[in-house]
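Shown next, in structure tokens, is the structure this report addresses.
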């Protein structure tokens, strides 16, 4: 798209997060950013840092020594660095991975009942939430997830395929826990949130179990969704 716009006289600059991708597509101008996917300007609410990113990208528009310009942003995002004094806003027992769908449902429902009031505190504090893709309330998630562990392929009115319904439930689940854990105090690093979710919650272990079930499903869409979107690579079981 950048090449097409440039051919029509509109200068462009790209905020790039995946180096092999930008090396292959070779946009006319790009800044390579060492940030997590989905946050090309850095963390929310850090306006000075975001301004630095934008200014470096916009300065490429002043250069004429192309045709391809690729710069590296010099600094990691400050929020990548762990906050030593951080404690999760919700205290949960160390999860024990169940072996049956009914036990998964019960364990997840118990944990979720402890997390939901803290999530409400987050919403009251910040006045926002990114949860809302699933098409069903959080209270319905334990039974819905357990259905897949039993081999069923349920849907919801908002999503007409089981694969999409489960994918967006997984997205909402990760968002809800990520918001709840930040309900109090200063924000932790993104990696601290990820380690807490994937190593210390039933919800994280449940998504790993759902991924395993999805990969053995005869439903190709569910197999694709489970393999690509449920669990990030660093937290895949070894």
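Coordinate-derived values only; no laboratory data. Since the model is a prediction, treat every value here as computed from it, not as a measurement.
Return one number: the angle in degrees, 0 to 90 and rounded to the nearest 10, between the long axis of the Cα atoms of helix 190-200 and the longest principal axis of the Cα atoms of the chain.
So the helix axis and the longest Cα principal axis differ by about 20 degrees.
Between the helical axis of 202-215 and the dominant principal axis of the chain, each derived from Cα atoms, what acute angle in degrees is found, rounded to the nearest 10?
For helix 202-215, the angle is close to 80 degrees.
Expressed as an acute angle from 0 to 90° and rounded to the nearest 10, what is the orientation of the C-alpha long axis of helix 162-180 relative to the principal long axis of the chain?
80 degrees
Gaussian network model of the chain, Cα springs within a sub-10 Å range: biggest mean-square fluctuation belongs to which of 172, 82, 46?
In this elastic network of the chain, the residue with the biggest mean-square fluctuation among 172, 82, 46 is 46.
Out of 63, 191, 83, any idea which swings most in a Gaussian network model of the chain, alpha carbons joined below 10 Å?
For the chain, modelled as a Gaussian network with Cα springs under 10 Å, the answer is 63.
Give me the percent of Cα-Cα pairs in the range 101-235 that sit more than 19 Å apart, rounded to a whole number.
Across the range 101-235, Cα pairs with separations above 19 Å total 48 percent.
How far is the Cα center of the range 3-56 from the Cα center of the range 93-123, in Å?
38 Å
In the Gaussian network model of the chain, springs joining C-alpha atoms below 10 Å, which of 180, 146, 103 carries the largest mean-square fluctuation?
Residue with maximal mean-square fluctuation among 180, 146, 103: 103.
Would you calculate, for the chain, the mean residue ellipticity at 222 nm contributed by helices, counting each DSSP H stretch of 4 or more residues as -39,500 (n - 2.57) and dividing by all residues, to the nearest 500? Please report the intermediate quantities before stating the final value.
Working: 9 runs with 115 residues, N = 238.
Estimated from H runs of four or more residues: -15000 deg cm²/dmol.
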